[in-house]
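Take a look at the structure set out below.
The values are calculated or read from the model by the stated rules, or taken from the named source; none is laboratory data. It should be emphasised that the depicted structure is a prediction, and the values quoted were computed from it without experimental measurement. Here the Cβ is made from the backbone with ideal geometry for all residues, glycine too, and neighbour counts use every protein chain on show. Heavy atoms of the whole protein, side chains included, go into the accessibility calculation; ligands, DNA and RNA do not. Shrake-Rupley method; radii C 1.70, N 1.55, O 1.52, S 1.80 Å.
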Amino acid sequence: MTLSTTVIVVGAGPVGAVMALALRRRGLKVIVVEALEQPEIECRAASCHPPTVAMLEELGLLEFGLEQGLVSPVFNYLDRPSGELIARFDIRAMKTPPRHAYVLQWEQYKIAQTVVKLLSDDADAELRMSTRVVGLTQDADKVRAEVELPNGERETIAADFLVGCDGGRSTIRRLADIAFDGFTWPERFLKIDTIFDFQSLRSELSNRNYFADPDQWLNLFKARGPDGEGMWRAVSPTLPEQTDEYLLSPEQIEQRLQLFCPKPGPYRIATVALYKVHQRVAATFNKGRVLLAGDAAHVNNPVGGMGMNGGIHDAMNLAERLEAIARGAAHEALLDQYTRQMRVAQLNYVQAQSIQNKQTLGETDPAERKRKLDDIRATGADPERHDAFIRRACLIDSFHDSRAVA
Ligand SMILES: Cc1cc2nc3c(=O)[nH]c(=O)nc-3n(C[C@H](O)[C@H](O)[C@H](O)COP(=O)(O)OP(=O)(O)OC[C@H]3O[C@@H](n4cnc5c(N)ncnc54)[C@H](O)[C@@H]3O)c2cc1C
């Protein structure tokens with residue numbers, strides 16, 4: 001049954017797409033407004049942690065994810081200078097594993113594209129692509145978004161609620177005048193996508209690997225890629241003084257990969273990109289009838305693959321509340337609790353863990369570096385600590401603990 005409540009979802013990235021589908025699954029009408037013609041094809045996020053996999057299943061997306069993604073039950077910590085495998089974490093080996101005992105490596109653009117295709121066949125989901133939100137007003141009954149159409153004309157769309165899923169530079173957050181406190185890391189992160197199969201040279205690698213190094217730590221993850229043949233994504237830090245021209249030059253990219261994994265012949269590079277990286281959380285995720293979810297509400301460094309996951313957790317939590325409101329519950333208390341729960345998920349888990357992950361990988365003080373690596377080694381070797389580490393790294397604790405917040 002379709003309910004009479006309509007929600008405008010701004011942004012059809014992975015979080016906006018999932019938000020819209022979750023609302024449709026609960027019977028609310030949606031209007032999705034996306035500035036681009038199609039969801040952007042960019043491989044940033046690829047890791048979906050076990051609680052997120054369960055959410056994808058609830059939405060009927062898991063079969064697409066399994067077809068388009070890679071099942072990855074294991075992640076490794078390695079010491080890059082010595083090559084030592086420090087610890088191996090296997091979700092299947094947990095005493096009480098989650099129902100989906102793996103991380104699903106499913107690229108964010110494939111998630112968004114899959115959902116947009118599903119919504120395009122749904123009469124109660126209106127897709128407004130190539131349309132940008134430029135203004136916002138609200139009163140006790142309605143929220144109104146002023147949008148700029150592809151031909152440059154403007155129009156006002158009214159709805160009961162509006163969810164800003166419009167990314168880290170969120171227009172909605174700015175228009176709603178919500179503070180976004182936190183900090184920006186001085187170094188940028190360089191992402192290199194290559195089809196070279198690192199496992200052919202290093203059989204100890206899994207689909208998800210963290211290399212600690214005081215100079216050039218590295219995250220090395222594998223996704224299925226556009227043609228299903230496999231695409232490896234290497235993320236490493238740069239120095240603040242290094243220019244784009246230098247960092248993105250083919251020679252520098254080649255040198256960086258050869259230094260990490262020497263091999264005969266050059267690497268075949270698919271794409272490279274530089275990212276400015278922040279740790280910020282919005283002061284509130286709800287203001288009247290305007291809500292925030294995903295990067296619009298929080299941003300973090302990508303070590304650990306948590307940003308999109310946190311956004312999908314927001315979307316699922318919020319969809320449940322908006323359904324209750326559509327069925328007659330008072331909205332203020334439920335939406336205030338949404339902010340409380342998802343800020344706990346962010347501050348105590350996603351932000352804390354992603355900062356700790358980055359600091360562990362890049363530790364420069366020799367004594368502290370040894371202490372941190374010894375600690376990871378001991379954690380991997382102790383079954384209880386192994387399980388506790390996975391529960392934190394894979395956002396299992398984050399999901400359960402945030403849901404318990406009153
Ligand atoms: C290198 C890297 C690797 C990462 N890996 C992972 C990972 O493995 N796992 C993970 O969980 N996270 C990861 N992340 C983080 C992840 O990419 C983001 O958290 C995720 O993209 C957030 O999704 P979103 O839908 O909230 O925002 P976005 O993906 O930024 O989408 C926002 C959408 O809103 C649209 N939009 C913007 N403004 C307007 C407007 N005014 N009107 C209409 N539309 C608008 C944009 O066009 C866009 O389509 C990674 C990030 C980086 C940089």
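Just a few scattered comments:
- Pair PHE183, GLU37: separation of 7 Å Cα→Cβ label points (nm): 4.3 nm
- Among the protein heavy atoms of region 244-305, carbon and sulfur supply 59% of the accessible surface, probe 1.4 Å, non-protein parts ignored.
- Along the axis of the charge dipole computed for the chain (Cβ charges of +1 for Lys and Arg, -1 for Asp and Glu, origin at the Cα centre), the listed residues GLN359, ALA45, HIS298 are led at the positive end by GLN359.
- Residues GLU363, GLU126, GLU251, sorted by accessible area with the largest first, give GLU251, GLU126, GLU363 [1.4 Å probe; ligands and nucleic acids excluded].
- Accessible surface ranking that places the most exposed of GLU155, GLU67 first, with a 1.4 angstrom probe: GLU67, GLU155
- Each peptide among 29-42, 262-275 gets the average number of other Cβ atoms lying within 10 Å of its residues, and from highest to lowest they stand as 29-42, 262-275.
- Partner lysines for LYS95 [C-alpha distance under 26 Å; skip if fewer than 8 residues away on the same chain]: LYS372
- Between region 91-166 and region 339-406, the Cα center-to-center distance that results, in Å: 29 Å
- Solvent-accessible area per residue, Å², over region 32-139 with all protein chains present [probe radius 1.4 Å]: 43 Å²
- For region 146-204, with all protein chains in place and a probe radius of 1.4 Å, 45% of the accessible heavy-atom surface sits on carbon or sulfur.
- Among PHE180, LEU149, GLY164 the positive-end extreme of the charge dipole of region 103-195 (Cβ point charges): PHE180
- Summarising the label geometry, the points placed 7 Å from Cα in the beta-carbon direction at ILE195 and ARG99 lie 3.7 nm from one another.
- Of all lysines in the structure, those lying under 29 Å Cα to Cα from LYS117, and not within fewer than 8 positions of it along the same chain, are LYS29, LYS142, LYS191, LYS222.
- FRET efficiency estimate (nearest 0.05) - Cβ-Cβ, SER4 to LYS263, R0 60 angstrom: 0.50
- Annotation for ASP374 and ALA388: the two label points, set 7 Å from Cα along the Cα-Cβ direction, are 1.8 nm apart.
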